[in-house]
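Peer 1: A single structure is presented below for examination.
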Amino acid sequence: MEPLLFANSGNKELVDDVLARLQATDGFHETRLGRMHLDFHPDGEPFVEIFDNVRRRQCIVVGCIAANGSHSVNDHAMETFVLLDALKRADANVDVLALPYLPYARQDRRKGGETDRTAITSKLFAKLLTIASPIGRVCAVEPHDVHVEGFFPCPFDRVPSIHLFTDPVKRLLDTNSIVAISPDRGGWERAGALSTNVGTPRLIGWVDKRRPAPGQAKAHQLIGDVKGLNAVIVDDMIDTAGTLCEAARLLKENGAERIIACGVHGLFNGSAIERIMKSPIERVFVTNSVEQKPAARACEKITVIPIGDLLAQAVRRMVTGESLRTIGKP
Ligand code: R5P
């Protein structure tokens, strides 16, 4: 029997795309959305009822967890926990949990402003998922840092996504003029991946970014040369766009010509859109790993790249036992 697909309500468009692509693949032609009812009690608590008999049935769960304008990160997280718990109690075999965006991943060690008395939310989130249901394997598109895999008791795979930006960037900029920039110390691998993928001869650049207070970003120094070149900033996520716009300011001050940004997860919270509009950034590429808010969809600087094919490929490989290493490789 072919696997059933279940999803929370966080990104219906993406889930439909993943399903359609799976159904077009051998071994998944009969895969369909599991029949279930997902609703909210008047106080906001999610309620899930599964209508299919899923006893010992192989299931794929897609958990789309990000604020999308109508629901918060926590609403979608609770939906996912409740869905997993309902499947567990119905004796389903949750073979694959696919997370287009892994939330709570930025706090992966104890680090506070004045003390280290903080939570490690990344570990907590992984634990809550696996308490909700035993899960065979987990994959997440471009998690903040790969060492999050150690927080999961099951196999965890990163789904690489930087290759999706190659063609869009090359359509805008001459390859030899491109210098890939990491807007902070943690993102050099992603900048390196973009640099290799587009085939620029230039070395990557880094920004020494600090956070003077939670939610604030300050770009202090640029390491690398951008004078007369076109800078492409690469990041895993754009939340308030503080990191991005600070990096862009510094790049401009250092003589960059055109500035493009690639951020895998376009969260666009707070005044992100206004910041981007006021910044020297010409174009921002994000994926649809999170459902875009209306303001982001309407923003002329933002282009959304679909990841349905990427996620379907990852899920298919995890179900059939193929390697994920060749994803995005020619
Ligand atoms: C930080 O380490 C992340 O990679 C992103 O750079 C950061 O979370 C983006 O947040 P914001 O857009 O609010 O500056």
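Peer 1: Angle check, please: helix 188-198 long axis (alpha carbons) against the longest principal axis of the chain (alpha carbons), in degrees 0 to 90, nearest 10.
Peer 2: The angle comes out near 80 degrees.
Peer 1: Taking every DSSP beta bridge with both residues inside the chain, roughly what % is antiparallel (nearest 5)?
Peer 2: 20
Peer 1: Where does the chain land at 222 nm, in deg cm²/dmol rounded to the nearest 500, when only DSSP H runs of n ≥ 4 count, each adding -39500 (n - 2.57), divided by all residues?
Peer 2: -8500 deg cm²/dmol
Peer 1: To the nearest 10 degrees, how steep is helix 121-132 against the longest Cα principal axis of the chain, on a 0 to 90 scale?
Peer 2: Taking the Cα atoms of the chain, the angle to 121-132 is about 20 degrees.
Peer 1: Around Leu324, what is the net charge, scoring Lys/Arg as +1 and Asp/Glu as -1 over all other residues with Cβ under 9 Å from its Cβ?
Peer 2: +1
Peer 1: Tell me, Thr80, Thr25, Thr118 in order of fewest to most beta-carbon neighbours within 10 Å?
Peer 2: In increasing order of surrounding Cβ atoms, one gets Thr118, Thr25, Thr80.
Peer 1: Going by alpha carbons, how many degrees (0 to 90, nearest 10) lie between the helix axis of 242-253 and the longest principal axis of the chain?
Peer 2: Approximately 20 degrees, to the nearest ten.
Peer 1: Sticking with this one: Amide H of Phe40: which non-local residues (sequence gap of 5 or more, or other chain) have their own amide H closer than 5 Å, using H built in the peptide plane?
Peer 2: Placed amide hydrogens put Phe47 under 5 Å from Phe40.
Peer 1: Which semi-axes, in whole Å and largest first, does the equivalent ellipsoid of the chain have when worked out from the alpha carbon gyration tensor as the square roots of 5 times its eigenvalues?
Peer 2: 35, 22, 18
Peer 1: Sticking with this structure for a sec: I need the shape label for segment 84-240. Rule: rounded when a/c is under 1.5, else prolate if a/b > b/c, else oblate, with a, b, c from the alpha carbon gyration tensor.
Peer 2: Because a/c hits 1.5 or more and a/b fails to exceed b/c, segment 84-240 counts as oblate.
Peer 1: Order these by the 10 Å Cβ neighbour count, fewest first: Thr115, Thr303, Thr287.
Peer 2: Thr115, Thr303, Thr287
Peer 1: Return the inverse of the average 1/r over all pairs of distinct C-alpha atoms in segment 205-248, which is the Kirkwood hydrodynamic radius, in Å to one decimal.
Peer 2: One over the average 1/r among Cα pairs gives 11.2 Å for segment 205-248.
Peer 1: What number comes out for the charge environment of Arg89, summing +1 per Lys or Arg and -1 per Asp or Glu over other residues with Cβ under 13 Å away?
Peer 2: Surrounding charge for Arg89 is -1.
Peer 1: Let me know the Rg and Dmax you get for segment 161-295 when you use only its Cα atoms, in Å.
Peer 2: Rg then Dmax for segment 161-295, in Å: 13.4, 38.
Peer 1: May I have the pair-distance distribution P(r) for segment 217-321, computed from all Cα-Cα distances with 10 Å bins from 0 and rounded to whole percent?
Peer 2: Going out from 0 Å in 10 Å bins, segment 217-321 shows 15, 43, 25, 13, 4, 0 percent.
Peer 1: At q = 0.14 Å⁻¹, work out log10 I(q)/I(0) for segment 1-127 with the Debye formula, treating every Cα as an identical point scatterer and leaving solvent out; two decimals please.
Peer 2: Those come out to -0.67, one per q.
Peer 1: Using a Förster distance of 22 Å, how high is the FRET efficiency between Ala24 and Glu322, based on the Cβ-Cβ distance and rounded to 0.05?
Peer 2: Once the sixth-power term is evaluated, E becomes 0.85.
Peer 1: Turning to a different aspect of this structure: Just want to confirm a number: the relative contact order over the chain, from Cα pairs under 8 angstrom separated by 6+ residues, in percent.
Peer 2: 15
Peer 1: Cα atoms only: what Rg and Dmax, in Å, come out for segment 91-159?
Peer 2: Here Rg and the maximum Cα pair distance are 12.8, 46 Å.
Peer 1: So which of Lys252/Lys301; Lys218/Lys329; Lys209/Lys329; Lys209/Lys252 end up more than 23 Å apart by C-alpha?
Peer 2: Over 23 Å apart, Cα to Cα: Lys218/Lys329; Lys209/Lys329.
Peer 1: To continue, here is another question. Quick check for me: using +1 on Lys/Arg Cβ and -1 on Asp/Glu Cβ, what's the dipole size of the chain about its Cα centre, in debye to the nearest 20?
Peer 2: Taking the Cα centre of the chain as origin, the dipole is about 760 debye.
Peer 1: What is the sum of charges around Asn230, taking Lys and Arg as +1, Asp and Glu as -1, for the other residues whose C-beta is under 14 Å from the C-beta of Asn230?
Peer 2: That works out to +3.
Peer 1: Of the DSSP beta bridges with both residues in segment 19-167, give the percent that are antiparallel, rounding to the nearest 5.
Peer 2: 30
Values in this text are rule-based calculations from the coordinates and carry no lab data. If you're wondering where the values come from, they're calculated on a predicted model, not measured in any experiment. Cβ atoms come from the backbone with ideal geometry, glycine included; neighbour counts cover every protein chain shown.
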